[in-house]
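Reading through the structure tokens given below for one structure.
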Amino acid sequence: MKIGFFDSGIGGLSVLKEALTILPNENYIYFGDTDNAPYGTKSKEEVKELTFKAVEFLVKHHIKALVIACNTATSAAVRSLREVYDFPIIGMEPAIKPAVEKNNNEGKRVLTLATPLTLKEEKFQSLVSRFDTKHLVDMQPAPKLVEFAERFLFEGPEVENYIKEILPRNIDQYGTVVLGCTHFPLFRKVLTRVLPKNIDIIDGNRGTVNHLYEILKERNILNNSSEKGTVVYYQSGKQVTDPDLLNNYERIIYQDTV
Ligand code: DGL
């Protein structure tokens, strides 16, 4: 059986990339809801409904576990999904905890970049109030990065100017930038160039995949085959077969974009 990966579009490929490194023998089915992206500027109800539809599709393809490789869909739907399905469902969570732990000692601030919906959702707010006891965390929505990514535009003046525009003026007081949207690691190169050298840029991808591994192991459903697994990609229900598009996907996964 396969592991299902779901995102509003191509952002979840940044998580799948990590999964293919840590769990290369698993078989994957990736569903990006490109026709309905972006999710981050929609209402919680809309995102929940779209997420349920996508998961129903993946369930028909017999998945043994599901990674909601989207912070926005996780905050809108993960709790309800777990009430309906009994296979393991792993969601995304912005890496606030490690960022706060590190900066608590250094006296620097933490900037979280995410979608507008993720930042205003209760899940994120309660994460911050649990760990950010010294009030170090600031938030900045960056919805246009999702649009750029969906156009496979990961660098260049348009992207760079937008990032410069949305970054706080007093950027030197930050020690860490948390990428709280799975589309954003696709901009790591340009972010590294634009941000001061001493700022760490972190995401939750490795942690999510480690968690997936632990759960599969615990339930004894790891694929023990010694052969490399397969990946099939779907965009809103249609299998991706166009060679140019597949090439764009595979560039993200197998080359050093992320
Ligand atoms: N990739 C998604 C996330 O992690 C959402 C992007 C969007 O569709 O707005 O939040």
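The values are calculated or read from the model by the stated rules, or taken from the named source; none is laboratory data. Not measured: the values here are computed from a predicted model. Glycine also receives a Cβ, built like all others from the backbone with ideal geometry; neighbour counts cover every protein chain displayed.
A few notes on this one:
- Of the residues screened, F148 is one that is within 16 Å of the ligand (Cβ to nearest atom) and buried (at least 20 other Cβ atoms within 10 Å of the Cβ).
- The stretch 116-129, subset of a type in the set (S, T, Y) and away from the ligand (no atom under 14 Å from the Cβ), residue farthest from the chain's Cα centre (by Cα): S129
- For the stretch 69-115, a tally of residues being touching a strand residue (DSSP E or B) at 6+ places or on another chain (Cβ under 6 Å), assigned to a loop (DSSP other than H, G, I, E, B) and within 13 Å of the ligand (Cβ to nearest atom) returns 5.
- Taken over the stretch 36-48, residues that are surrounded by 14 or more Cβ atoms within 10 Å (Cβ to Cβ) and either away from the ligand (no atom under 12 Å from the Cβ) or modelled with pLDDT under 95 (or both) amount to 2.
- Exactly one residue out of K189, K238 is over 21 Å from the mean Cα position of the chain (by Cα) and under 24 Å from P38 (Cβ atoms), and it is K238.
- Per the conditions (1) over 27 Å from I202 (Cα atoms); (2) not in a helix (DSSP H, G or I), the sole criterion not satisfied by L58 is (2).
- The stretch 178-194 - residue that is aliphatic (A, V, I, L, M) and surrounded by fewer than 23 Cβ atoms within 10 Å (Cβ to Cβ) and, of those, farthest from S75 (Cα to Cα): V194
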